[in-house]
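Heads up: the structure comes next, in structure tokens.
The values are calculated or read from the model by the stated rules, or taken from the named source; none is laboratory data. Small disclaimer: the values here were computed from a predicted structure and weren't measured. Every residue, glycine as well, gets a Cβ built from its backbone with ideal geometry; the counts of neighbours run over all protein chains shown. Note: accessible area is taken over every heavy atom of the protein model, side chains too, but ligands, DNA and RNA are not part of it. Shrake-Rupley method; radii C 1.70, N 1.55, O 1.52, S 1.80 Å.
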Amino acid sequence: MKRAWLTLRSAFLWFLSLLHFFIAAPTLVFLGIFLDPRKHDWLQRSFCRRIVFFSGAKVALRRDPGFDPNRTCFFMVNHVNVFDPFFLYCVIPQFVRGWELESHFKIPAYGWLMKRFGNVPVPDVRRPSDLKRMWRLTRTAIDGGTSLIIFPEARRTRDGHLSEFQDGGFRVAQQLGIPIVPVSLVGSFQHHRTGHWMLWPATVTVHLHETIDTSGLTKEDVPALRQRIREIIAAPIEQRLKETQLS
């Protein structure tokens, strides 16, 4: 009986979430054509909070004392499911956009919305000209005071654990001197798992760890930087997985 109720609940929540997204998102994009997006950032955050609410989840925030909210940076985050960007936008106290695979911009409706939203395209095929364009757009965003969300795994987890991180975002951060904030999404895997359609009641906690300076680092420092940040992100996630297994 409980399983049947949760199945019906998930179907209803998916319907509400998708209906809300495809009604509200075009409105926000339309406003962005005529207004500076920063002036209606509060509307975008409200939109994300409703998406989270309609998905049946709650969001909580934990901020490390070493997190500097005034520095434009890369937010490096573990990737679990399609709701991750909405959880992040609810609580990150900065104007923020994201890196997104260029192929996503070809998805009907969604791709057009994300392009107008201002996400930076990451080329699927890494030709030098495409990479230079990505670096240029990244630098323009950072210089304009827009922080960027990056999922360094470049894919969603299937088991809740972190996959290996790719070097791309760390090389850009090192060469452009962009600070990095490791971010742990804890509870997102318990809420919704990629490859399944069930939406479980859960509280997703966003851990904003200390801001890490990259100025003065060389390309030889990138592997150690990548590993350090992966360990920071993984710690609270692995702790939650252990607690879930014991309960």
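Descriptive notes on the structure:
- When the stretch 114-207 is reduced to its Cα atoms, the Kirkwood hydrodynamic radius in Å: 15.5 Å
- Å² of accessible area per residue within the chain, as computed with a 1.4 Å probe and no ligands counted: 52 Å²
- You can think of it this way: the chain between Ile107 and Thr140 has 9.4 nm of extra reach, that is 0.36 nm per residue less the Cα-Cα gap.
- Neighbour-limited loop hits for chymotrypsin sites (Phe, Trp or Tyr not before Pro), the stretch 115-215 (at most 13 other Cβ within 10 Å; DSSP other than H, G, I, E, B): Trp197
- Loop-located trypsin sites (Lys or Arg not before Pro) in the stretch 148-185 (DSSP state not H, G, I, E or B) with no more than 13 neighbouring Cβ atoms inside 10 Å: Arg155, Arg158.
- Qualifying aspartates and glutamates (Cα of each under 14 Å from Cα of Lys58; at least 8 residues distant if same chain): Asp84
- Rounded to the nearest 500, the helix-only mean residue ellipticity at 222 nm of the chain stands at -15500 deg cm²/dmol, with each DSSP H run of n ≥ 4 adding -39,500 (n - 2.57).
- Counting only lysines at least 8 places from Lys219 when in the same chain, those with an alpha carbon closer than 30 Å to its own are Lys132.
- √(5λ) per eigenvalue of the Cα gyration tensor, the stretch 116-167, largest first, Å: 23, 15, 10
- Placing a pseudo-label 7 Å from each Cα along the Cα-to-Cβ vector at Ala154 and Lys132 gives an inter-label distance of 2.2 nm.
- With contacts taken as Cα pairs under 8 Å at a separation of at least 6 residues, the chain carries a relative contact order of 26 percent.
- Given [x] 16.6, 51; [y] 17.3, 53; [z] 18.0, 60, the label whose value is Rg and Dmax of the Cα atoms in Å derived from this model: [z]
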